[in-house]
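Chemist: Here it is, the structure, as structure tokens.
Please treat every number below as a calculation from the coordinates, not as lab data. What you see is a predicted model, and the numbers here were worked out from it, not measured in a lab. Note that each Cβ is placed from the backbone with ideal geometry, even for glycine, and that neighbours are counted across all protein chains shown.
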Amino acid sequence: MAAYQTIFLGIIALCSHAAMGQIAVDHAGNIEDTVDGYRIQYHDQSNLLLLIHSLDCFVATLPRGTQLANKLEDMSTRMPTQRAIVGLVKEGHFTPTSLGDVMEQNHDALLRALCFRSEIYTVDLASLH
């Protein structure tokens with residue numbers, strides 16, 4: 001009887017793992033960290049860099065494969081790059097925008113969910129040294 005229970009539990013575990021793979025697809029470029037109180041997310045599928053602080057959302061278009069995107073994906077350069085981007089926001093290198101304008105460019109459902117009731121700004125990544 002114990003052998004059947006073990007087999008049954010094994011089958012359930014495999015099915016659960018397979019189902020989660022269908023729901024939670026892992027994209028290599030998806031990043032989520034917190035730096036200096038800013039929640040930072042990079043969504044490689046929609047080329048979106050998102051920083052959330054208090055009730056403010058800061059967004060930037062960041063195509064995968066660019067030098068900056070590669071720095072975010074590389075563990076050895078990720079933290080200094082994130083700190084530099086947060087520094088841009090703290091220095092005021094952003095402009096006000098709207099959720100509608102950002103959604104036209106990015107079509108990112110998570111952005112809509114996270115920033116629905118927030119002030120939204122576009123970060124000027126060109127100011128990054």
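Chemist: Which semi-axes, in whole Å and largest first, does the equivalent ellipsoid of segment 29-127 have when worked out from the alpha carbon gyration tensor as the square roots of 5 times its eigenvalues?
Modeler: Numbers: eigenvalues 73, 46, 29 Å².
Taking √(5λ) for each eigenvalue gives 19, 15, 12 Å, largest first.
Chemist: Gain in length, Asp74 to Glu32, computed as 0.36 nm per residue apart minus the alpha-carbon separation, to one decimal in nm?
Modeler: Numbers: separation 42, 0.36 × 42 = 15.12 nm, distance 1.33 nm.
Net length gain for the segment: 13.8 nm.
Chemist: If you place +1 on the Cβ of every Lys and Arg, -1 on the Cβ of every Asp and Glu, and leave all else neutral, what size is the dipole of segment 50-129 about its Cα centre, to the nearest 20 Debye?
Modeler: Result for segment 50-129 is approximately 240 debye, rounded to the nearest 20.
Chemist: Which cross-chain or sequence-distant (5 or more) residues have an amide H under 5 Å from the amide H of Tyr38, H modelled 1.01 Å from N in plane?
Modeler: When sequence neighbours closer than 5 places are left aside, there are no close amide H contacts.
Chemist: Among 38-47, 113-122, 95-104, how do they line up from the highest to the lowest mean number of other beta-carbon atoms within 10 Å?
Modeler: Ranking the peptides 38-47, 113-122, 95-104 by packing returns 38-47, 113-122, 95-104.
Chemist: If you don't mind, another one. Report ³J(HN,Hα) in whole Hz for each residue of segment 91-107, in order, from the Karplus equation J = 6.51 cos²θ - 1.76 cosθ + 1.60 where θ = phi - 60°; Gly and Pro get x.
Modeler: Values, residue by residue: 7, x, 7, 8, 10, x, 8, 10, 4, x, 5, 5, 5, 4, 7, 10, 6 Hz.
Chemist: On to the next question. Just going by the charge dipole of segment 29-127, with Lys and Arg at +1 and Asp and Glu at -1 on Cβ, which of Ala69, Gln82, Phe116 is farthest out on the positive end?
Modeler: Gln82
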